[in-house]
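The values are calculated or read from the model by the stated rules, or taken from the named source; none is laboratory data. Since the model is a prediction, treat every value here as computed from it, not as a measurement. Virtual Cβ from ideal backbone geometry, glycine too; neighbours counted across all protein chains shown. Ligands, DNA and RNA are excluded from the accessible area calculation, which covers all protein heavy atoms including side chains. Shrake-Rupley method; radii C 1.70, N 1.55, O 1.52, S 1.80 Å.
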Amino acid sequence: MKPVWAVGLMTGTVLDGYIDVAMIRTDGHAIMEFGPYRLVDYPDCINTMLAQTVQEAVDWDFEGEEPAIFSEAERALTKAQAGAVLALVEDAGMTIRDLCVVGFHGQTVLHRPPACRQRGVTRQLGDGALMARITGIDVVHDLRSADINAGGQGAPLSPVYHAALLDDCGDDQTTAVLNLGGVGNISWRSNDGTIVGFDTGPANAPINDFVQSRGLGEMDKDGAIALTGIVDEALLIERLKHSYLARPYPKSLDRFDFGHQWVQGLSDGDGAATLTAFSAAAVGRALDMLPVRPRHLIVCGGGGRNPALMRALGVRANVEVVSAETVGWRGDAIEAECFAFLAVRSLRGLPITFPMTTGVLQPTPGGRIVRAAREHDADPLHHH
């Protein structure tokens, strides 16, 4: 199968105000080339709208009609992200004819995994048809629904891409990939190619929410607040009894599943330090569950830039930790690259979720494809 250029988009549940947009050349199995990557600022008005949208989504909780703000936010974020795609293509000195597909994840506003024989539900905002119209490029979007409809968790989606990255490095089953976004998720693959992936627990979300609740900014930048504090070990031990940590995988979380209220009685520094230690210790519990406990973790996502969290991982998860950059990956780009990779797999009918990543019964393709109106359109997989 011929490799093609694809663009991927991601905006995380931490609502950090950025659109991640990245380009890779891939055949859906291996990564041939990393193309350009950008972090694009959302306008303030969209950031405010998204924060309100997420809050209204929590109140809505899949009951009754969707909040009116959904369609307004969907249109605004789709246009902003389409603009980011076109800017990236132009920066690369390419044209839209050079690109095969856009992998458009959209903004997750609510995610509820299956429970007690009840099917899960998930909602991402993102108008695939509008994206295809504005960019003139084929789009794959709504990447979680097929898995949920087949009884899976709908998350995490990154393990198949992380496995391709590990293959690229020639790493074996003693190495895993840890993504630290709003929540943490781990990806591991055995030497025989079985892919395992699940959410470890909280990562940045409770720390960010705690820092904001104290009026100390948007996040604990560089772990500076946590590094001034002392971990409340008694509170931490109590918190580590949380049922999620003992639950067998596959399993997934919403960014609001772990709050920060349990450290409310602590000082700013001690609260941040204790939340950071908990995020790291939860990763340790996750590593214990894998068929072979990895000795090395390659860390990507925003948490990889938090020295307090990276240090805590070494201590609390008892593992050797390196950042994605040290192995030649682009830590900030990986999630966006992942959606470019998944989009190509979708076009080729290849599975994007697996029994040991989302709990789906068999490897399952996913994503909805919207074809752009191109002049003299040929099969998009063969005109590149």
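Over the alpha-carbon set of the chain, divide Rg by the Kirkwood Rh and report the Rg/Rh ratio to two decimals. If you can, show how the numbers build up before the last one.
Numbers: Rg = 19.9 Å, Rh = 20.9 Å.
Reported Rg/Rh, Kirkwood definition of Rh: 0.95.
Summing +1 for each Lys or Arg and -1 for each Asp or Glu, what net charge is found among the other residues whose Cβ lies under 10 Å from the Cβ of Ala176?
Result for the local shell: +2.
Keeping the other protein chains in place, figure out the carbon and sulfur percent of the accessible area of segment 266-376, with a 1.4 Å probe.
Values: 2210 of 4180 Å².
Of the solvent-accessible surface of segment 266-376, carbon and sulfur hold 53 percent.
Using alpha carbons only, how many degrees (0 to 90, rounded to 10) separate the axis of helix 307-316 from the longest principal axis of the chain?
On a 0 to 90 degree scale, this one is about 60.
Over the heavy atoms of Leu86, what accessible area does a 1.4 Å probe trace out, to the nearest 10 Å²?
Accessible surface of Leu86 is approximately 60 Å².
Compute the accessible area per residue over segment 212-280, keeping the other protein chains in place, probe 1.4 Å, unit Å².
Details: 3380 Å² over 69 residues.
With the other protein chains kept in place, segment 212-280 gives 49 Å² per residue.
If His242, His29, His141 are ordered by their accessible area, calculated over protein heavy atoms with a 1.4 Å probe, which sequence runs from highest to lowest? All intermediate terms of the calculation are to be shown ahead of the outcome.
Values: His242 55, His29 95, His141 20 Å².
Order by accessible area, largest first: His29, His242, His141.
Per residue, what accessible area does segment 39-198 have, given a 1.4 Å probe and all protein chains present, in Å²? Walk me through the numbers on the way to the answer.
Working: 6130 Å² over 160 residues.
Heavy-atom SASA per residue in segment 39-198 reads 38 Å².
Rounded to the nearest 500, what is the 222 nm mean residue ellipticity of the chain from helices alone, with -39500 (n - 2.57) per DSSP H run of 4+ residues and division by all residues?
Numbers: 12 runs with 134 residues, N = 384.
Only helices count here, giving -10500 deg cm²/dmol.
Points 7 angstrom from Cα along the Cβ direction at Glu233 and Gln261: gap in nanometres?
Label-label distance for Glu233 and Gln261, simple model: 2.8 nm.
Once ligands and nucleic acids are excluded and a 1.4 Å probe is used, how much of Cys116 is accessible, expressed in Å² to the nearest 10?
130 Å²
Cβ under 13 Å from Asp61's Cβ, Asp61 left aside: what net charge do those residues give with Lys, Arg +1 and Asp, Glu -1? Don't jump to the answer; show the numbers that get you there.
Numbers: positive: Arg112, Arg123; negative: Glu56, Asp59, Glu63, Glu65, Glu66, Asp254.
Net local charge, Asp61 excluded: -4.
What fraction, in whole percent, of alpha-carbon pairs in segment 1-80 exceed 18 Å separation?
Working: 1697 of 3160 pairs.
That tail contains 54 percent of the Cα-Cα pairs.
For Cys45 paired with Thr326, estimate the spin-label separation in nm (one decimal), with each label point 7 Å from Cα along the Cα-to-Cβ line.
So the two model labels end up 4.5 nm from each other.
Only bridges with both residues in the chain count here: give the DSSP antiparallel percent, nearest 5. Don't skip to the answer; put the middle values down first.
Working: 36 of 53 bridges.
Rounded to the nearest five, the antiparallel share is 70 percent.
Can you send over the solvent-accessible area of Thr108, 1.4 Å probe, protein chains only, in Å² to the nearest 10?
20 Å²
What shape does segment 299-363 have by the C-alpha gyration tensor, where a ≥ b ≥ c are the square roots of the eigenvalues, rounded means a/c under 1.5, and otherwise prolate means a/b greater than b/c and oblate the rest?
Note, shape of segment 299-363 comes out oblate.
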